[in-house]
Amino acid sequence: MTLRVCALYPDLMNIYADRGNLLMLERRCAWRGIEWRLHESGLGEPLRDEHDLYYIGGGQDREQFLVAENLAAKSEPLIEAIVGGGAAMLAVCGGYQLLGRGYRGFHGEDMPGVGLLPLETVAGDRRMIGDVLLECELEPGVRRTLAGFENHAGRTRLDADARPLGRVVSGFGNDGESGYEGCTLGRAVGTYLHGPLLPRNPWLADWLLAQAIAHRTGGEPPELTELPDELELRAHEVSARRAHARGGKF
Ligand code: GLN
């Protein structure tokens with residue numbers, strides 16, 4: 001099987017080595033004999049809704065400003081791919097913000113969003129920085145933790161009917177107030193967590209891969225063969241410990 005993956009603006013939206021998330025997914029596919037075909041989608045080309053997994057990393061306000069209008073103009077095929085077609089997506093920080101209705105940056109610049117996720121974001125004057133620990137329940141009854149690192153000025157407010165990715169155990173999360181972090185919709189996940197996120201949280205990497213495979217086959221997300229994950233779980237522990245030591249909030 002070949003997974004078709006689309007990285008959006010990998011040259012511009014790739015802060016804190018967010019690219020590591022793609023490398024992690026690629027390795028986990030290779031170890032399982034799944035072929036990985038990566039398409040890098042830049043400013044100058046149309047977005048095609050033929051991929052199983054879409055990815056967009058974080059960026060400073062400056063890079064977000066460079067891509068926001070271009071991405072918003074591609075909202076139709078992207079929403080069709082995720083909502084209509086059931087493709088998977090991971091969006092990190094600046095990329096997550098741009099999947100909402102819009103982002104007002106630190107200097108008041110208004111950037112349009114894709115309108116895929118039911119949320120909007122406005123930058124505040126203090127950055128929210130540090131290790132984060134979340135508790136997630138993507139499938140009812142299955143609770144797992146996510147550990148990562150956040151650094152954002154944006155405060156993201158979810159609509160009342162939005163599904164957050166997780167509950168904040170330590171850290172700020174979406175806005176430093178609600179107690180929630182990220183947002184999920186169908187097979188799409190948006191989050192502030194860098195790190196990169198997936199090498200510290202192999203279960204989320206496999207969740208995304210299983211969703212992408214389900215899109216590819218038109219069936220249910222499969223049970224993937226287990227991988228040793230010793231280093232990954234140690235990285236998770238270290239990161240979770242740091243987040244605990246940091247505690248919450250401002
Ligand atoms: N520029 C955005 C903010 O500060 C996103 C930052 C990021 O991607 N790390 O909120």
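The values are calculated or read from the model by the stated rules, or taken from the named source; none is laboratory data. For clarity, every value in this text was computed on a predicted model and none was experimentally measured. So basically every Cβ, Gly included, is an ideal-geometry build from the backbone, and we count neighbours across all protein chains shown.
Got a sec? Which strands (runs of 3 or more DSSP E) wholly within region 141-202 have at least 1 residues that are in contact with a strand residue (DSSP E or B) (Cβ under 8 Å, 6 or more places away or on another chain) and surrounded by fewer than 19 Cβ atoms within 10 Å (Cβ to Cβ)?
Fully inside region 141-202 and qualifying: 142-158, 166-170, 183-185.
When region 103-129 is examined, which residues are found to be among the small types (Gly, Ala, Ser), more than 16 Å from ALA91 (Cα to Cα) and crowded, with 16+ Cβ neighbours inside 10 Å? Steps first, answer last, please.
In the first step, residues of region 103-129 are kept if they are among the small types (Gly, Ala, Ser); the result is 105, 108, 113, 115, 123-124.
Adding the requirement that they be more than 16 Å from ALA91 (Cα to Cα) leaves 105, 108, 123-124.
Of everything in region 103-129, those that are among the small types (Gly, Ala, Ser), more than 16 Å from ALA91 (Cα to Cα) and crowded, with 16+ Cβ neighbours inside 10 Å turn out to be GLY105, ALA123.
For the condition in contact with a strand residue (DSSP E or B) (Cβ under 8 Å, 6 or more places away or on another chain), surrounded by 14 or more Cβ atoms within 10 Å (Cβ to Cβ) and β-branched (Val, Ile, Thr), what is the one hit in ILE56, ILE79? Break it down stepwise before answering.
On the way: ILE79 fails: in contact with a strand residue (DSSP E or B) (Cβ under 8 Å, 6 or more places away or on another chain).
Sole residue among the options that is in contact with a strand residue (DSSP E or B) (Cβ under 8 Å, 6 or more places away or on another chain), surrounded by 14 or more Cβ atoms within 10 Å (Cβ to Cβ) and β-branched (Val, Ile, Thr): ILE56.
Quick one: would you say GLU137 is of a type in the set (Asp, Glu), within 15 Å of the ligand (Cβ to nearest atom) and modelled with pLDDT of 95 or more?
Values: of a type in the set (Asp, Glu): yes; within 15 Å of the ligand (Cβ to nearest atom): no; modelled with pLDDT of 95 or more: yes.
It is false that GLU137 is of a type in the set (Asp, Glu), within 15 Å of the ligand (Cβ to nearest atom) and modelled with pLDDT of 95 or more.
Let me confirm something: among GLY100, GLY94, which residue is touching a helix residue (DSSP H, G or I) at 6+ places or on another chain (Cβ under 7 Å), touching a residue at least 12 places away in the same chain (Cβ under 8 Å) and within 20 Å of GLY173 (Cβ to Cβ)? Quick ask: steps written out before the conclusion?
Values: GLY100 fails: touching a helix residue (DSSP H, G or I) at 6+ places or on another chain (Cβ under 7 Å).
Checking each option against the conditions leaves just GLY94.
Taking the condition in contact with a helix residue (DSSP H, G or I) (Cβ under 9 Å, 6 or more places away or on another chain), exposed (fewer than 15 other Cβ atoms within 10 Å of the Cβ) and under 17 Å from ALA205 (Cα atoms), does LEU23 pass?
yes
Let me confirm something: among ARG37, ARG32, which residue is more than 16 Å from the ligand (Cβ to nearest atom), touching a residue at least 60 places away in the same chain (Cβ under 8 Å) and charged (D, E, K, R)? Let's see the steps before the verdict.
On the way: ARG37 fails: touching a residue at least 60 places away in the same chain (Cβ under 8 Å).
That would be ARG32, the only listed residue that is more than 16 Å from the ligand (Cβ to nearest atom), touching a residue at least 60 places away in the same chain (Cβ under 8 Å) and charged (D, E, K, R).
Consider region 72-117. How many of its residues are within 16 Å of the ligand (Cβ to nearest atom), among the small types (Gly, Ala, Ser) and part of a loop (DSSP other than H, G, I, E, B)?
Looking only at that region, the number is 4.
Give the residues of region 118-134 that are aliphatic (A, V, I, L, M), in contact with an Asp or Glu (Cβ under 7 Å, 6 or more places away or on another chain) and away from the ligand (no atom under 11 Å from the Cβ), sorted by residue number.
If the condition is that a residue be aliphatic (A, V, I, L, M), in contact with an Asp or Glu (Cβ under 7 Å, 6 or more places away or on another chain) and away from the ligand (no atom under 11 Å from the Cβ), then LEU119, VAL132, LEU134 are the ones that fit.
Given the conditions (1) loosely packed, with under 15 Cβ neighbours inside 10 Å; (2) farther than 28 Å from VAL114 by Cβ; (3) touching a helix residue (DSSP H, G or I) at 6+ places or on another chain (Cβ under 8 Å), and given that GLU232 satisfies all but one, which numbered condition is not satisfied?
Exception for GLU232: condition (1).
So ASP52 passes all but one of these: (1) within 30 Å of ALA153 (Cβ to Cβ); (2) touching a His at 6+ places or on another chain (Cβ under 7 Å). Which condition number does it fail?
Single failed check for ASP52: (1).
With ARG62, ARG19 as the choices, which residue is free of Cβ contacts under 8 Å to residues at least 24 places away in the same chain, within 16 Å of the ligand (Cβ to nearest atom) and of a type in the set (D, E, K, R)?
Numbers: ARG19 fails: free of Cβ contacts under 8 Å to residues at least 24 places away in the same chain.
After ruling out the rest, the residue left standing is ARG62.
So, in region 51-71, of the ones that are assigned to a helix (DSSP H, G or I) and charged (D, E, K, R), which residue ends up nearest to ASP11 (Cα to Cα)? I'd like the intermediate steps shown before the answer.
Kept after step one, since they are assigned to a helix (DSSP H, G or I), are these residues of region 51-71: 61-71.
Narrowing the set further to residues that are charged (D, E, K, R) leaves 61-63, 69.
On the way: ASP61: 15, ARG62: 13, GLU63: 10, GLU69: 16 Å.
My answer is GLU63.
Going through region 146-175 one residue at a time, which ones are under 21 Å from ARG246 (Cα atoms), away from the ligand (no atom under 11 Å from the Cβ), touching a residue at least 40 places away in the same chain (Cβ under 8 Å) and of a type in the set (Gly, Ala, Ser)?
ALA147, GLY148, SER170, GLY171, GLY173
If I filter region 197-209 for residues that are under 17 Å from TYR55 (Cα atoms) and within 13 Å of the ligand (Cβ to nearest atom), do I get at least one hit?
Yes: region 197-209 contains one or more residues that are under 17 Å from TYR55 (Cα atoms) and within 13 Å of the ligand (Cβ to nearest atom).
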